[in-house]
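Take a look at the structure set out below.
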Amino acid sequence: MLLIGAEDEEKWLAEGIAGVQHNAFYLHRALDSNNLRDALKYSAQMLSELRTSKLSPQKYYELYMRAFDELRILEMFFKDESKHGVSVVDLYELVQHAGNILPRLYLLCTVGSVYIKSKEAPAKELLQDLVEMCHGVQHPIRGLFLRSYLAQISRDKLIDIGSDYEGDADTVMDAVEFILENFTEMNKLWVRMQLEGPGRVREKREKERSALQELVGKNLHVLSQIEGVDLEIYKETVLPRVLEQVVNCKDDLSQYYLMDCIIQVFPDEYHLQTLEMLLAACPQVQPTVDIKTVLSRLMDRLSKYAASSADVLTEFLQVEAFTKLSNAIEKVIEVQVDMPAVGAITLYVSLLTFTLRVHPDRLDYVDQVLGACVKKLSSIPKLEDSRATKQVVALLSAPLEKYNDTVTALKISNYPRVMDHLDNGTNKVMAMVIIESIMKNNTCISTADKVEVLFELIKGLIKDLDSATDELDEEDFKDEQNSVAKLIHMLYNNEPEEMLKIICIVWKHTMAGGPKRLPFTVPSLVFSALRLVRQLQGQEGDIVGEEVPATPKKIFQLLSQMIEALSAVPSPELALRLYLQCAEAANGCDLEYVAYEFFTQVFVLYEEEIANSKAQVTAIHLIIGALQRMNVFSVENRDTLTHKTTGYSARLLKKPDQCRAVYACSHLFWVDGQDGIRDGERVLLCLKRALRIANAAQQMASIARDSSGPVTLFVEILNKYLYYFEKGNKQITAAAIQHLIELINTEMQGDSATSDAFLASTLRYIQFQKQRGGVMGAKFESIKL
Amino acid sequence: MNFLIGAFKPACNISITFSDGKSRKQVPMKKENGKTIMVSLFQSKESIAGKVSIEPLQGKKIEHLGVKVELLGQIEMYFDRGNFYDFTSLVRELDVPGDIYERKTYPFEFSTVEMPYETYNGANLRLRYVLKVTVSRNYGGSIVEYQDFMVRNYSPPPSINNSIKMEVGIEDCLHIEFEYNKSKYHLKDVIIGKIYFLLVRIKIKNMDLEIRRRESTGSGANTHVETETLAKFELMDGAPVRGESIPIRLFLSPYELTPTYRNINNKFSVKYYLNLVLVDEEDRRYFKQQEIAIYRQQDS
């Protein structure tokens, strides 16, 4: 019974519409024949259809609209006295004879509007009378529609009245009073709808009510359209009265809608000038009202207004908009004890957006907002609500986006304090946002202080924040650390001294990152430091003096600390590469001992940490490459290092690896360039040794697989021979090459099927050189294929 | 045949006209047969003058024992139909016994007639004024003709006319205060007032204001009371809340009211009441009845 089927409702609506149409037909006939009596009779009957209680607001509205259209026609008829011959004064009485109140009042309003227009009686009295008589309908829906009809039909007249008589403040006030009165009553009815019916249909009721909100709001809309309502009237009468109603009705739906409505319909300028009053109402609404959205919209509007013209901005300053808003928000949060953290933070986000838009120059305001947020956050347990944390991220991201320059955000003292209140995950997210902002804007962070602050902010990424280990997503972690690594490259100052400070600070922070992070961050930092080294190297001529604090030596000390930390992770392979890089840099700086020290570290690492044979191969080749390029070492030191290297090469596990490493070592004794070492004998020694190993490998292969292995190694060695031969190493003779080729051919015979492409192209090369003629051609002449 | 028809026809036509009949106000009056005729309107202490014309049917003479005109004020009880109680009876002899051969006209005048009661057509009785012309005859019976007229008496506005104000209620259930601006209304008056809800604990569906007429006839043990609701005027639709004030504005003119009659000739009284009725959602009625006096005010 309570839950009325939609089908039944359709039926009732259809019946209602039929009733309206039926009576409208006779009404039209009466109007055509200028029969006032019948016109009143049928219009009253038609309006009686609106007495139904069976329809939901939406359906009732449909019915109402039907009747409304007919009433417009009736109004035209009333207007034309020549048709019915009754003065509007008498007509006003006549319609009140109707026994049923609803038709009576609809007719009264209709005639009333004609009466006002005729100006035969003071509009004020008529309006008063109409709005007073409408008290008779206390049924919420019927009352709302009746009063809405009154508002609708009097609208144009009111706007005329309120605007026509310029300077006549009384007339404007009459119109205003009327609308306010009608508005108040409508709101009361609307609120009362909520109380109708049992509690369990509350939700449905609320939905129905929302559908009707515009009827109530329309009054405010009309008020805003009256030209005569100037700032003073708005301030002295309209706003206080509307707010009084809003506060007193104690209904959350109404309060939310009306607050929003006020903000939307009246001009921004008015809001700005009455900010205090408007905001004072906010803490007074029901705790369940979503006041944060309301305030957000207000601030949104105001900030758009501020953006509209520069002149407006001074007004904002005059009325101290920011302070007022800030205070209001404080109050709201204080009063609405149950407001979830997310609500409070959303408010701060809105306020921040406002201040960023309106007062972009006032960093102190931003700081103030964040400070307030910190206060709020510190009064509650750590945020668990994901929506709340999202809002905090929004709060913190806003200044970054606004200023396009993270450096500005770094100046805000409360910024890191807000971040402290985030959980680890969010903290990381926020740190990522900061880094992304820096990357996007290509911001260079150029002072040590800022770097310090920045690393304080992103410490979530730099180190584990507490003992509780979160479930880490490997992928995410990598992304994060890569970002940090990228970030390190954005920290740059042209001034070596400052740059060194920066590096020290970064190191101080990254040091704490633990074994998982160091492999990501240290390389960046190392290269950043090496860049500084190279820079100093370039300037060396200019800056001479004991007091220069940033010397390559110092930096290298630091570097070795860093890499040492890395080797402790352990990440020996990476450390090894970095040491080599450093050694090269030291080489560039002519710091032999430093370079030597680095190589020592490399070998220590190799010996102690790198056990994997594959890794060893790679490492050896790296070492060979790096060592080959070193030119700073004395003969003795160099001998020690090369000796070590060749030794390690020969001790690799697999024969082919051994072989390759050994022939690579030959390069250590043959360096291109003016003062490079050219020790042809030792080159030959290496190559011969490689050949021996290759032989051994070949034999092992044939024993193991009963077939000789490929001749690749030999061909590779042949290539080395050719290389040195061309370079003019006297120890490498054409005969030796000839011998080697023959050896290869012999080996190939056992393995007839395969023809080696590498070999073929090598031989082709020799052929090519022979035919080329000249010095080289002559050299190759003696080699016979 | 002609003779026969002639025999049943009255021997003459009698017409009664008022001397100021053309200018005098005519008002509708409902006859017993349901038809409405227009009749002249008088008030107390007016002189009622006019002419009686007697026109015998052609070629006939009327022998009579005298012609008279009477002015009668009568009360007729419906339970005692046909029995008239004359509270006023005035006679004017118009002619001495003789014969009438042709149309004869007699002027008459009742000067400054006291007609204290108004013409009234009620549920159980009527009060009427009539002019009765009698042509007395020896045989064939007397010829009688009646002319109704209506009497309305005007009252000056009462010197004291207090408002009616009252607080009523059912404990812990409903408390209202109502106010009607006057206690005495004229027939074209407007009742202005308001109902103020002090306490509402019941779901009210609507509220009406009724005008009820209470006509009592007879006296003592034989008193017969008839109550009629003349107006049912909806004041409020829906349930009010505490503190709500509902306006009343009821125009009396559309309703067929009479002035209040108190103990007319010891035969009857007609009184009027305002009945405020509240109906709740279970269709229970709560009401409070207040008498109001109604008087006839001279049209200005």
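Here are some notes:
- Filtering the stretch B:174-183 to residues that are surrounded by 18 or more Cβ atoms within 10 Å (Cβ to Cβ) and part of a strand (DSSP E or B) leaves B:L174, B:I176, B:F178, B:Y180.
- Here A:L691 meets each of (1) surrounded by fewer than 19 Cβ atoms within 10 Å (Cβ to Cβ); (2) touching a Leu at 6+ places or on another chain (Cβ under 8 Å); (3) in a helix (DSSP H, G or I) with one exception, condition (1).
- With respect to the conditions (1) of a type in the set (D, E, K, R); (2) surrounded by 15 or more Cβ atoms within 10 Å (Cβ to Cβ); (3) over 20 Å from the mean Cα position of the chain (by Cα); (4) in the same structural domain as B:E291 (by TED's automatic domain parsing), B:E171 falls short on a single one, namely (2).
- Within the stretch A:38-49, at least one residue is in contact with a helix residue (DSSP H, G or I) (Cβ under 7 Å, 6 or more places away or on another chain), small (G, A, S), buried (at least 17 other Cβ atoms within 10 Å of the Cβ) and in contact (Cβ under 8 Å) with a residue 60 or more places away in the chain.
- Condition check for A:R104: in contact with a strand residue (DSSP E or B) (Cβ under 9 Å, 6 or more places away or on another chain) and either assigned to a helix (DSSP H, G or I) or aromatic (F, W, Y) (or both): yes
- On the stretch given as the stretch A:730-763, residues that are at pLDDT below 80 and in contact with a Phe, Trp or Tyr (Cβ under 8 Å, 6 or more places away or on another chain) total 1.
- Just one of the numbered conditions (1) under 18 Å from A:H139 (Cβ atoms); (2) touching a Pro at 6+ places or on another chain (Cβ under 9 Å); (3) at the interface with chain A (Cβ under 9 Å from one of its Cβ atoms) is not true of B:I195: (3).
- All of A:L325, A:L422 fail the test of being surrounded by 22 or more Cβ atoms within 10 Å (Cβ to Cβ) and part of a loop (DSSP other than H, G, I, E, B), apart from A:L422.
- Counting only residues that are of a type in the set (S, T, Y) and either touching a residue at least 60 places away in the same chain (Cβ under 8 Å) or within 13 Å of chain B (Cβ to nearest Cβ) (or both), the stretch A:121-154 holds 2 of them.
- Any pair with Cβ under 7 angstrom, 6 or more apart, that starts in the stretch B:228-256 at a residue that is more than 9 Å from chain A (Cβ to nearest Cβ) and ends at one that is surrounded by 21 or more Cβ atoms within 10 Å (Cβ to Cβ) and assigned to a loop (DSSP other than H, G, I, E, B): B:L230/B:L257
- Residue within the stretch A:203-214 that is surrounded by fewer than 20 Cβ atoms within 10 Å (Cβ to Cβ) and more than 19 Å from A:R142 (Cα to Cα) present: yes
- Matching entry among A:L722, A:L653, A:L687, A:L718 (being within 60 Å of the chain's Cα centre (by Cα) and of a type in the set (A, V, I, L, M, F, W, C)): A:L653
- Matching strands (runs of 3 or more DSSP E) fully within the stretch B:33-150 where at least 2 residues are within 27 Å of B:T227 (Cβ to Cβ): B:66-77, B:84-95, B:125-136
- Residue, modelled with the highest pLDDT, within the stretch B:11-32, restricted to residues that are part of a loop (DSSP other than H, G, I, E, B) and within 15 Å of the chain's Cα centre (by Cα): B:K31
- Whichever residue in the stretch B:201-215 is crowded, with 18+ Cβ neighbours inside 10 Å and away from chain A (no Cβ under 14 Å) and, among such residues, is nearest to A:L144 (Cα to Cα): B:R213
- Qualifying positions in the stretch A:222-262 - crowded, with 20+ Cβ neighbours inside 10 Å and farther than 23 Å from A:D156 by Cα: A:L243, A:Q245, A:V246, A:C249, A:D251, A:L253, A:S254, A:Q255, A:Y256, A:Y257, A:M259
- A:L94 vs. criteria more than 29 Å from A:V191 (Cβ to Cβ), at pLDDT below 95 and within 14 Å of another protein chain (Cβ to nearest Cβ): yes
- Lone unmet requirement of (1) farther than 24 Å from B:I248 by Cα; (2) without any contact (Cβ under 8 Å) to a residue 40 or more places away in the chain; (3) surrounded by fewer than 19 Cβ atoms within 10 Å (Cβ to Cβ); (4) not aromatic (F, W, Y) for A:G19: (3)
- Here B:R262 meets each of (1) more than 10 Å from chain A (Cβ to nearest Cβ); (2) not in a strand (DSSP E or B) with one exception, condition (2).
- Among the residues of the stretch B:48-81, those identified as touching a strand residue (DSSP E or B) at 6+ places or on another chain (Cβ under 6 Å) and of a type in the set (S, T, N, Q) are B:S53, B:Q74.
- Test: residue in the stretch A:161-169 that is of a type in the set (A, V, I, L, M) and either within 14 Å of another protein chain (Cβ to nearest Cβ) or within 23 Å of A:L50 (Cβ to Cβ) (or both): no
- Residue satisfying condition, being touching an Asp or Glu at 6+ places or on another chain (Cβ under 9 Å) and within 13 Å of another protein chain (Cβ to nearest Cβ), within set A:R29, A:R66, A:R51: A:R51
- Condition check for B:Y185: in contact (Cβ under 8 Å) with a residue 60 or more places away in the chain and either outside the structural domain of B:S47 (by TED's automatic domain parsing) or not hydrophobic (A, V, I, L, M, F, W, C) (or both): yes
The values are calculated or read from the model by the stated rules, or taken from the named source; none is laboratory data. Here the structure is a predicted model, which is why all the values come from computation and not from measurement. Here the Cβ is made from the backbone with ideal geometry for all residues, glycine too, and neighbour counts use every protein chain on show.
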